[in-house]
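The values are calculated or read from the model by the stated rules, or taken from the named source; none is laboratory data. Keep in mind it's a predicted model, so treat the numbers as computed, not measured. FYI the Cβ positions are ideal-geometry reconstructions off the backbone, even for glycines, and counts take in every protein chain you see. Ligands, DNA and RNA are stripped out before the accessible areas are found, and what is left, the full protein with its side chains, is counted by its heavy atoms. Shrake-Rupley method; radii C 1.70, N 1.55, O 1.52, S 1.80 Å.
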Amino acid sequence: MKRMLGLMAGVVLSLSFLGCGKTAAVQQTKGPLPDKKVSGPILNVALDATIDTLDQQVSVYATSFELIGNMIDGLMQMADDGSVKNACAKEMQVSADGLHYTFKLRDDVFWSNGEPVTAHDFVYGWQRAIDPKTESEYAFMISDIAQIKNATAIQAGQMEPNQLGVRAKDDYTFEVELQTPVSYFDQLLYFCTFYPANQEFVEKCGNKYATSPETCLANGAFILTEYKQGATSISFIKNTAYYDAAKVKLGGIHYEVIEKSDEALRKYQSGQLDFVEISGDAVVKMQNSPEFTPVDSGFLYFLTFNFDDPNFANKNLRLAIANGFDREIAARAMADGSAAAYGAVPRGFAFSQSGQDFTPAGVEFPEYCSYNPALARQYFEKAKKELGKKTLELELLTANGETQIICCESMKKQLEEILDGLTITVRAVEKKERRKIMSSGDFQFGLNNWGPDYADPMTYLAMWVTGNSNNMGNYFNPTYNALIASCTDGELCTKIAERWSALKKAEIMIMEDAAISPVYQKCNANLIKSNVKGVAFHAVAINKIYKSTTK
């Protein structure tokens, strides 16, 4: 630990929190600069995958969201109980028609280079997210989900980003105009896509922005001190200039990227790590430990079928796969507490006004998504006849995480035993590569996943609309598109009960078409040292928050 503290302090001293050519004299006239010394305990955490990016408008993966959430606050943030609370915003006003939002910002929030966080930073950040040149995969959050005025036209290249329905009335008044009311708009504001960005800093850094401590700015609880793309070690220290610094008890957070569960467990048991996620044999070994802490992650894992592939364009083949393996067996094989999933929306995160879970326990879709070997064989024989083949050789793509591979091997074994003439090859690649391959359409079927970005079923169901960047299988159904549109900016968007029913119909449509096949709902099997308290776990957006953590 002494070595870690010394290393981090040395790194911090070399940065001086200026970045991209700024001078200390200029910075110190603008606002407080963070203390460069580490004060307080360091939390040591394992990550199971490398980070894609720390750019708040470009990031895609949950691990990156967690790290970005350490260092940047948006207008709102999640309270420990999951509710929405003010962050950079101190007040939110909504017009009677639900189309105009006015945010009064705190005047004591500063970037780590001393510059104040202003309404202009939110204008620039949101415009940057929707700008096609940024190539943000989450641009649809600005347009399709948040329904901000002119966002769709900007995304299509028909209008300029500066015509987005946002403006800085003054330095500390940020105004937003929607094209239709969005009942969960405030929940979107703690998601990374909606975070502010300092235009001068971003543009000076250019394509190096968010690739190193020197090219990152923080306005949140922690400041980045050690990181480079592809690195296996990432460190933060407490931001002493943070407006809520008194509530932050950790001196910093140090992450190590460890892909193998047994290695993470070994380092945890030796005292090098305070918090690890384990799987497989490690779970079996440690599940009776008082430090074993399973947490439902909210992530749904599902098979994506490529509709452009000649084989998977056949509905009977998709239904044969969907009904040909026992999800309970696949979930048990991973030994991490994950549960079988049978619907397109996971359990436990989206609830109606009466408190009803969108996906109650025990819900299945017979004939479309169940374990029914006899029915699966019928579908498969029909598929072979329609395809003019006696045998089929298919490739199942997955990320190379331990649990994903275990799950895919379980599905392969079951499907090959049940479906005569089927051979499946499991292809495991790095997580970032898996997404790249699926986005390009160069696959047959693959194990995909999605974690909810906000507490509404639309965070899942919007993915399979034509043109959505997450519709990697290129599913196309005009009726489905129209139904989802009616719930986002159409006649049902303000009719809460009718909208809820329409979303249930949309889910049924996805299942009947076998657009995807749900497999399991992820549970994170965590080990957390007994002296660590106050890690806030959330199923939506940022899954782990350390602002109130103590060690």
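Compute the accessible area per residue over region 447-508, keeping the other protein chains in place, probe 1.4 Å, unit Å².
Working: 2190 Å² over 62 residues.
Dividing the accessible area of region 447-508 by its residue count gives 35 Å².
Give the relative contact order (percent, whole number) for the chain; include only Cα pairs under 8 Å separated by 6+ residues.
On the way: 1199 pairs, mean separation 100.6, N = 551.
Computed over the chain, the figure is 18 percent.
Evaluate the relative contact order of region 41-152 (contact order divided by residue number), counting alpha-carbon pairs under 8 angstrom at least 6 apart; express in whole percent. If you can, show how the numbers build up before the last one.
Numbers: 112 pairs, mean separation 19.1, N = 112.
So the answer I get is 17 percent.
What percent do you get for the relative contact order of region 405-535 when only Cα pairs under 8 Å and 6+ apart count?
Numbers: 74 pairs, mean separation 17.4, N = 131.
In percent, rounded to a whole number, it is 13.
Within region 48-92, what residues put their amide N at less than 17 Å from the label point 7 Å along the Cα-to-Cβ vector of residue 102?
Once the point is set 7 Å along Cα→Cβ of residue 102, 89-92 turn out to lie under 17 Å by backbone N, inside region 48-92.
Between residue 426 and residue 531, what FRET efficiency comes out of the Förster formula 1/(1 + (r/R0)^6) with R0 = 41 Å and r the beta carbon distance, rounded to 0.05?
With a Förster radius of 41 Å, E is 0.50.
Figure the gain on full extension for residue 158 and residue 442 (residue separation times 0.36 nm, minus the Cα-Cα span) and round it to one decimal in nm. Please report the intermediate quantities before stating the final value.
Details: separation 284, 0.36 × 284 = 102.24 nm, distance 2.96 nm.
Taking residue 158 through residue 442 to full extension adds about 99.3 nm, to one decimal.
Let me have the 222 nm mean residue ellipticity of the chain computed from DSSP H runs of 4+ only, each contributing -39500 (n - 2.57), with the sum over all residues rounded to the nearest 500. Display every interim value, and only then the final one.
Values: 17 runs with 163 residues, N = 551.
Taking each H run of at least 4 residues, the total per residue is -8500 deg cm²/dmol.
Under a point-charge model restricted to the Cβ atoms of Lys and Arg (+1) and Asp and Glu (-1), what is the dipole moment magnitude of the chain relative to its Cα centre, in debye to the nearest 20?
Values: 54 positive and 66 negative charges, 221 e Å.
It comes to approximately 1060 debye.
For the residue pair residue 328 and residue 179, what label-to-label distance in nm results when each label sits 7 Å from Cα along the Cα-to-beta-carbon direction?
4.7
Taking 0.36 nm per residue of sequence separation and subtracting the Cα-Cα distance, how much length would be gained by fully extending the chain between residue 494 and residue 476, in nm to one decimal?
On the way: separation 18, 0.36 × 18 = 6.48 nm, distance 2.60 nm.
Length difference between fully extended and current span is 3.9 nm.
Compute the distance in nm between two label points, each set 7 Å from the Cα along the Cα-to-Cβ direction, one at residue 208 and one at residue 466.
4.5
Skipping prolines and chain starts, which residues have an amide H placed within reach, meaning under 5 Å, of the one on residue 216, given they are 5 or more residues away or on another chain?
210
Please report the carbon-and-sulfur percent of the accessible area for region 318-443; probe 1.4 Å, protein heavy atoms only, DNA, RNA and ligands left out. Could the numbers behind the result be given before it?
Numbers: 2760 of 5850 Å².
On region 318-443, the fraction of accessible area on carbon and sulfur atoms equals 47 percent.
Pick out, from 96, 441, 227, the residue whose Cα sits farthest towards the positive end of the charge dipole of the chain, with +1 on the Cβ of Lys and Arg and -1 on the Cβ of Asp and Glu.
Checked the options; the winner is 227.
Roll a 1.4 Å probe over the protein chains and send me the accessible area per residue for region 186-296 in Å².
That works out to 39 Å² per residue.
Measure off, as a whole percent, the carbon and sulfur share of the 1.4 Å-probe accessible area of region 66-138, all protein chains present.
Values: 1210 of 2680 Å².
On region 66-138, the fraction of accessible area on carbon and sulfur atoms equals 45 percent.
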